[in-house]
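Written below as structure tokens is the structure these notes are about.
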Amino acid sequence: MTIQEFYNVFIDNNQRFTTDTRAIRKGDIFFALKGERFNGNTYAAQALEDGASFVVVDEEIEADSMRIISVTDVLSFMQELATYHRDQFDIPVLAIAGSNGKTTTKELLVSTLSTTFKVHATQGNFNNHIGVPLTLLSMPKDTEVALVEIGTNGFGEIEFLCSLLKPNYGLITNIGKEHLEGFGDLEGVAREESTLFLYLMQHSGYAFVNADDPYLSRMSHRLNLKTTYSAVSDSADVSIDVKTIAPKLELDFRTTTITSVLSGMHNAQNIVCTLAVARNLGVELMYIKKGIESYNPSNNRSQVKQIGSNSFLLDAYNANPSSMEAAIETFEAIDNAKKCIVLGDMFELGKDAQQEHLLIGKKALDTDYDVILCGSMFAKCFPDKAPFTTVDDVIEYLKNQQYTDTWFLVKGSRGMKMERILEAFE
């Protein structure tokens, strides 16, 4: 069966599909993906029994049915089908790349653009070679704007994702110290992320450029179709005047004041990026203001929580040296007599792991606040200052303290699950 023939089946099936038999509904198409720890082919026969309309497999299965579609490689077939589906749309398809802030920027854009358009966007952080085609395949026929995150932890991934997504708009939030284990250094990160700009330039696409980032300013020189934006300079095409950065952001865009529950200059950049994109796509300023101000973060990203008399800036979805530094600087801007910084290890830093933990730990310890460092790497770097190797150790310690009227910054890599720190206060 050709991609076009199967696509007709896919559309006739109202785009109903799944890659997880645990979530299968009667009539779904089941794609039998394989991974390091699972093989969807082994569940294909069960999927048929559970009511799948078709199963797409790349191994022989113990079932005899006209509803079995055998292909050479299920993932490649699904990716090709997703790109074919994307080709049916003549709409803005915006790729969102960058080291930090991709999801927050995407969610701000969803909140803002949805005031005017039918928006389809990446769910969660489905931003890799599996997540991007899943996002495309679930795009409804009446979509007017698509917002798709593209992530990377190795060279060549952005280029490949662009070949699947075929974006005609794109932005890179920033260049930071992400996945240094794979990229080596900041120049390596910049080289990989810049592949999006190269794709846009080669395909007459439109770019939104963070003029506050020296790497992005340099990499965007050859782009003809672009809008620059800045949170600190009025020389960009779109700029803002930031009044306060914490615990809430307040900024002026021309004669309009916008207040956001987000905090920090890094989020001011995410907001001015949202302004640049929304204005380019024709959203009226009153709706842009409404969309930005109504966005309330979740999933442990830039969340402010209150437990008793204590306040928490919870930014524990992920961490790298760049986002850690930004979080500490944001936290310093909060006006409160008592503060405590709680940081967990940063992962995937390769040969630079010890040096980066030393720098971030010192930055935290140089403040006048209480500091709690958690994780094996922080313990190695600061044996006298970091007696906590696990989150459970920190929880037990905090349970025996008498913190009141205190602001806490809680941040660490996803694997640390630093959000559990709040259990000590609940």
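The values are calculated or read from the model by the stated rules, or taken from the named source; none is laboratory data. Nothing here was measured: the structure is a model prediction, and the numbers come from that model. Every residue, glycine as well, gets a Cβ built from its backbone with ideal geometry; the counts of neighbours run over all protein chains shown.
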Among the residues that make up the stretch 285-301, is at least one of them over 22 Å from residue 269 (Cβ atoms) and assigned by TED's automatic domain parsing to the domain that holds residue 271?
yes
Filter the stretch 49-64 for residues that are outside any loop (DSSP other than H, G, I, E, B) and either outside the structural domain of residue 9 (by TED's automatic domain parsing) or at pLDDT below 95 (or both) and give the result.
49
Return only the number of the condition from (1) buried (at least 20 other Cβ atoms within 10 Å of the Cβ); (2) at pLDDT 95 or above that residue 100 does not satisfy.
(2)
Of the residues in the stretch 145-162, how many are without any contact (Cβ under 8 Å) to a residue 60 or more places away in the chain and polar (S, T, N, Q)?
1
Where a residue in the stretch 13-38 is over 16 Å from residue 134 (Cα atoms) and its partner, wherever it lies, is basic (Lys, Arg) and in a loop (DSSP other than H, G, I, E, B), with Cβ under 9 Å and at least six apart
25/16; 27/16
Looking at (1) at pLDDT 95 or above; (2) buried (at least 21 other Cβ atoms within 10 Å of the Cβ); (3) among the charged types (D, E, K, R); (4) closer than 18 Å to residue 151 by Cβ, can you tell me which one residue 191 breaks?
(2)
Kindly indicate whether residue 161 is part of a helix (DSSP H, G or I), buried (at least 22 other Cβ atoms within 10 Å of the Cβ), in contact with a strand residue (DSSP E or B) (Cβ under 6 Å, 6 or more places away or on another chain) and hydrophobic (A, V, I, L, M, F, W, C).
no
From the list 242, 272, 232, pick out the single residue that is in a loop (DSSP other than H, G, I, E, B) and in the same structural domain as residue 196 (by TED's automatic domain parsing).
232
Among the residues of the stretch 112-123, is there at least one that is of a type in the set (Lys, Arg) and assigned to a loop (DSSP other than H, G, I, E, B)?
yes
For residue 84, the lone unmet condition from (1) in the same structural domain as residue 220 (by TED's automatic domain parsing); (2) under 30 Å from residue 2 (Cβ atoms); (3) touching a helix residue (DSSP H, G or I) at 6+ places or on another chain (Cβ under 7 Å); (4) among the hydroxyl-bearing types (Ser, Thr, Tyr) is (1)
In this structure, is residue 153 at pLDDT 95 or above, under 16 Å from the mean Cα position of the chain (by Cα) and part of a loop (DSSP other than H, G, I, E, B)?
no
Of 177, 141, the only residue that is more than 24 Å from residue 81 (Cβ to Cβ), out of contact with any Lys or Arg (no Cβ under 6 Å at 6 or more places or on another chain) and of a type outside the set (Ser, Thr, Tyr) is 177
When the residues of the stretch 174-224 are narrowed to those that are of a type in the set (D, E, K, R), part of a helix (DSSP H, G or I) and touching a residue at least 40 places away in the same chain (Cβ under 8 Å), which ends up nearest to residue 267 (Cα to Cα)?
193
Could you check the stretch 325-426 for strands (runs of 3 or more DSSP E) lying wholly inside it with 3 or more residues that are touching a residue at least 60 places away in the same chain (Cβ under 8 Å) and buried (at least 19 other Cβ atoms within 10 Å of the Cβ)?
338-344, 406-411
So is residue 228 at pLDDT 95 or above, more than 24 Å from the chain's Cα centre (by Cα) and among the polar types (S, T, N, Q) or not?
no
